[in-house]
Amino acid sequence: MKLDVTPLSDALGAQIVGADLARWQDDEQYEAVHRALLEFGVVVLRDQIITPAQQIAFSRRFGALELHSIVPCRMPGYPEILLVSNRRDSSGAYTGLPDAGREWHSDSNFHAKPSLGSLLYALEIPHEGGDTLFANMTAACAALDPALKARAAGRNARYVYGSRSAENTDSALKFTMTKSQWSEIPQAVHPLLRTHPETGRKSIYLSLTTIERVEGLSAAQGDDLVAALSEHFTQPAFVYRHRWRLHDVVFWDNRCINHKAMPFDERHARHMHRTTIAGDRPY
Ligand code: OGA
Ligand code: MN
C-alpha cells in the first residue's frame, strides 16, 4: 500500500495518511513508519481506529515495551498502556496521568536504558489547548555555539524521578503508590550529548522534568549550563507544535526529540493511550 508521507514543519515531523496500525503485520507499512521516524523524528498517523491490543502489537514491532513506573496509571488489563488522561473515577480520583510532562523532556529518562520511542493515541481531546510541543534535539545540537557545546561535551546529568518541583514533574507524585512501587523507580546518569544508535547523529539529551544535577559541576554551574542548553533548543526554529485531532497516533523518537505538554481547560476531557518502546543505554 502506498503511504503518503508529508513534512509537518521545517523543524521536524511528518504526517502519514493511509496507514492502518491495526494491520501491524504489514511489513511495508512498518518499514515506512520506521523510515519516517528516523528521518523526521515525529510521525503523525491520522485517523487510527485501534484497540489497546492493536496499539500494543504495532508498538512491539519496534522493540520490547516498558511498563510505566507509576503503576496506578497503567490501563487495567493492558499494563503496557499508560493512561494519559484527566478522567476521574466515581470517587473523584484520576484514572491516569492528567498532566504528563509539562516541562521539556524525553520519556523514561530516569531509566538506565531510556525509551526508544513513544506512541500516544488520542481518544478524547479538548477543543482548545492541550497541544504537545516537540523539539528537534539533533538540529539543536548541530547549531550549538561551539563554546556551549564544549561545556556540555563529556558531561553527564543525573535523573531522579520527583527531584524537581511539583509543577515540573507530572502529577504522578499525587498518586497512591506503595513503598515498594516507589522504591522500584530507577535513577540514571546520562550524557548531555548523545549519539543516535540508528542514524549516528548527535543530539542534546536533557530532560527538565527530572534532572537532579549535572555531575562534576557545582549546583549553580550545572543550573547555568542546563538553562543555556534549554534556551537554545527551545528556539522556534527547532520546535513543532502538534494540534491534536481525534484518533491521531503520534509516534516520537525519544533518542533525538524532546516534548512538552501544553495546559488546557481541565473541565474538558483529554484521554490518551501511550505505549512506550524500550531503548538502549545512551552514549
Ligand atoms: C507523554 C507526554 C504529553 C501530552 O505522554 O509522554 O509527555 O501532551 N504527554 O500529553
Ligand atoms: Mn512524555
Inset, instruction - Count charges around H247 for me, please; just the other residues with Cβ under 13 Å from its Cβ, Lys/Arg as +1, Asp/Glu as -1. - result: -2
Legend entry - Global geometry of region 22-100, whether rounded, prolate or oblate, following the gyration tensor of its Cα atoms and the 1.5 cut on a/c: prolate
Inset, instruction - With a 1.4 Å probe and every protein chain kept in, tell me what percent of the accessible surface of region 4-277 is carbon plus sulfur. - result: 50 percent
Inset, instruction - Would you kindly derive the ³J(HN,Hα) couplings of region 218-225 from the backbone phi angles with the Karplus curve 6.51 cos²θ - 1.76 cosθ + 1.60 (θ = phi - 60°), listing them in order in whole Hz, with x for Gly and Pro? - result: 5, 4, 5, 5, x, 4, 4, 5
Inset, instruction - Please give the net charge around P236, taking every other residue with its beta carbon less than 15 angstrom from that of P236, where Lys and Arg add +1 and Asp and Glu add -1. - result: -1
Legend entry - Probe 1.4 Å, accessible area per residue of the chain, Å²: 44 Å²
Inset, instruction - Give, in nm to one decimal, the length gained when the segment between H127 and D223 is fully stretched (0.36 nm per residue of separation minus the Cα-Cα distance). - result: 30.9 nm
Inset, instruction - Mind putting a number on the dipole of region 192-246 about its Cα centre? Charges go on the C-beta only, +1 for Lys and Arg and -1 for Asp and Glu, and I need it in Debye to the nearest 20. - result: 460 debye
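The values are calculated or read from the model by the stated rules, or taken from the named source; none is laboratory data. Just so it is clear, the model here is predicted, and its values are computed rather than measured. Cβ coordinates were reconstructed from backbone atoms using ideal geometry, including for glycine residues, and neighbour counts include every protein chain displayed. Side chains included, ligands, DNA and RNA excluded: accessible areas come from the protein's heavy atoms. Shrake-Rupley method; radii C 1.70, N 1.55, O 1.52, S 1.80 Å.
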